[in-house]
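Structure, as structure tokens:
The values are calculated or read from the model by the stated rules, or taken from the named source; none is laboratory data. These numbers come from a predicted model, not from an experiment. So basically every Cβ, Gly included, is an ideal-geometry build from the backbone, and we count neighbours across all protein chains shown.
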Amino acid sequence: MLIEMVSLEEHLPQPSFGMRGRPQSDRRPLARAFMAKAVLNLPDTRSLIDYLQESQTTRRLCGWSRRGEIPSEATFSRAFSEFAVTHLPQRLHEALIKQCESTRLVGHICRDATAITAREKPRRRRSIPKKRQGKHRRIFKQFHEMTLDEMVDDLPKHCDVGRKHNSKGRMEQWAGYSLHVDWADGEIPISCLLTSASTHDSQAAIPLAEISSRRVTSLYDIMDAAYDDTLIREHSIAMNHVPIIDHNPRRKAKQNFDPAKAERFSLRSSAERGFSRIKDSFGARFVRVRGHPKVFAHLMFGILALTAEQLLRAAS
């Protein structure tokens with residue numbers, strides 16, 4: 001069903017022949033295979049090839065009639081590198097969201113981030129001089145100076161070490177990245193960004209909001225205390241949204257929501273459930289590639305599969 005929902009032919013044209021040398025393998029069956037890998041929650045490419053060898057139905061859905069037509073592991077690797085560089089899964093996800101969600105009024109956007117553990121050496125974290133903080137911080141520049149492309153390019157994207165408190169108040173540490181996602185009603189991921197693990201959640205809030213606003217129309221922005229920032233609130237209001245952001249006491253008395261906002265804020269649990277599904281059922285725990293482009297592509301194939309499944313549930 002995922003293959004039928006995604007208009008792959010519009011993003012991967014049929015290869016042309018007539019050039020000298022060995023003709024390139026058709027990338028469309030390979031892209032379908034990587035979608036199947038995410039749906040089946042397979043850990044690596046070798047497992048995917050073994051599954052395709054045994055499953056005639058999946059093999060034919062991808063586009064190969066016989067076992068001997070399945071490419072080698074090296075061909076899969078080269079194709080995945082091409083998909084990562086050209087942002088294929090990101091473009092497929094954007095097209096799917098615009099096709100199915102652009103005409104719907106989204107009530108709530110739940111914004112959150114989760115840790116992504118990677119198998120690569122983290123870069124040593126640099127300390128920021130105090131004189132560079134204040135009005136020159138990243139959120140200030142995003143709000144006053146930057147375009148969307150500049151915001152996304154400015155976000156750190158290397159592998160490093162991140163630290164944050166979990167839901168029980170305990171400090172967690174991981175080496176890898178942070179996945180930032182805007183979730184619509186029904187646990188549908190609308191937009192995603194991948195940054196360094198040390199990037200604070202709030203620094204991706206404005207870029208995510210800008211991306212989501214170009215794809216869907218929404219009313220409420222729901223965020224936890226990590227996003228408690230005046231400029232983030234002002235940006236949400238400027239987009240004609242209602243910000244519902246948990247208060248960060250910062251050595252002051254905690255400010256609680258009124259009953260109506262408290263009820264809406266409870267919907268933020270959909271983001272936590274969505275992240276759990278990505279990790280448990282769509283391959284986010286099996287990051288075997290290295291580098292930001294490949295890690296993001298791997299995650300986006302899983303998010304693409306999750307999006308299609310949630311859209312089908314919403315339609316049924």
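Values computed for the structure shown
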{"quantity": "Restricting the stretch 109-127 to residues that are of a type outside the set (Lys, Arg) and farther than 20 Å from Asp228 by Cβ, the residue that is modelled with the lowest pLDDT", "calculated": "Ser127"}
{"quantity": "Criterion: in the same structural domain as Cys159 (by TED's automatic domain parsing) and either under 28 Å from Ala38 (Cα atoms) or in contact with a helix residue (DSSP H, G or I) (Cβ under 6 Å, 6 or more places away or on another chain) (or both) - qualifying residue of Ser281, Ser218, Ser266", "calculated": "Ser281"}
{"quantity": "Every residue from the stretch 8-56 that is at pLDDT 75 or above and among the hydroxyl-bearing types (Ser, Thr, Tyr)", "calculated": "Thr45, Ser47, Tyr51, Ser55"}
{"quantity": "Condition met for Val295 (part of a loop (DSSP other than H, G, I, E, B), buried (at least 19 other Cβ atoms within 10 Å of the Cβ) and hydrophobic (A, V, I, L, M, F, W, C))", "calculated": "no"}
{"quantity": "Whichever residue in the stretch 191-242 is closer than 23 Å to Leu96 by Cβ and among the charged types (D, E, K, R) and, among such residues, is surrounded by the fewest Cβ atoms within 10 Å (Cβ to Cβ)", "calculated": "Arg214"}
{"quantity": "Residue list for the stretch 221-230, filter: in contact with a helix residue (DSSP H, G or I) (Cβ under 8 Å, 6 or more places away or on another chain) and either hydroxyl-bearing (Ser, Thr, Tyr) or at pLDDT 95 or above (or both)", "calculated": "Asp221, Ile222, Met223, Tyr227"}
{"quantity": "Every pair of residues 6+ apart whose Cβ atoms lie under 9 Å, when the first sits in the stretch 302-316 and is of a type in the set (Asp, Glu) while the second is exposed (fewer than 15 other Cβ atoms within 10 Å of the Cβ) and part of a loop (DSSP other than H, G, I, E, B)", "calculated": "Glu309/Met1"}
{"quantity": "Unmet criterion (only one of (1) crowded, with 18+ Cβ neighbours inside 10 Å; (2) touching a Lys or Arg at 6+ places or on another chain (Cβ under 7 Å); (3) among the β-branched types (Val, Ile, Thr)) for Val161", "calculated": "(1)"}
{"quantity": "Selection within the stretch 235-273 - touching a Pro at 6+ places or on another chain (Cβ under 7 Å) and touching a residue at least 12 places away in the same chain (Cβ under 8 Å)", "calculated": "Ser236"}
{"quantity": "Check on His180, more than 25 Å from Arg313 (Cα to Cα), surrounded by 17 or more Cβ atoms within 10 Å (Cβ to Cβ) and out of contact with any His (no Cβ under 8 Å at 6 or more places or on another chain)", "calculated": "no"}
{"quantity": "Phe257 being over 30 Å from Thr45 (Cβ atoms) and either out of contact with any Phe, Trp or Tyr (no Cβ under 7 Å at 6 or more places or on another chain) or in a loop (DSSP other than H, G, I, E, B) (or both)", "calculated": "yes"}
{"quantity": "Selected residue (only one of Leu304, Leu267, Leu311 is over 24 Å from Tyr177 (Cβ atoms) and touching a His at 6+ places or on another chain (Cβ under 8 Å))", "calculated": "Leu267"}
{"quantity": "Cβ-Cβ under 6 Å pairs, at least 6 apart or on other chains, the stretch 274-289 side touching a residue at least 60 places away in the same chain (Cβ under 8 Å), far side aromatic (Phe, Trp, Tyr) and surrounded by 23 or more Cβ atoms within 10 Å (Cβ to Cβ)", "calculated": "Gly274/Trp183"}
{"quantity": "Residue check for Glu263: surrounded by fewer than 19 Cβ atoms within 10 Å (Cβ to Cβ), within 16 Å of the chain's Cα centre (by Cα) and not in a loop (DSSP other than H, G, I, E, B)", "calculated": "no"}
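Quick grid of which residues meet (1) of a type in the set (D, E, K, R); (2) on the phi < 0 side of the Ramachandran plot; (3) surrounded by 15 or more Cβ atoms within 10 Å (Cβ to Cβ); (4) out of contact with any Cys (no Cβ under 9 Å at 6 or more places or on another chain):
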| residue | (1), (2), (3), (4) |
| --- | --- |
| Ile244 | no, yes, yes, yes |
| Lys252 | yes, yes, no, yes |
| Gln255 | no, yes, no, yes |
| Phe275 | no, yes, yes, yes |
| Arg288 | yes, yes, no, yes |
| Gly291 | no, no, yes, no |
| Ala305 | no, yes, yes, yes |
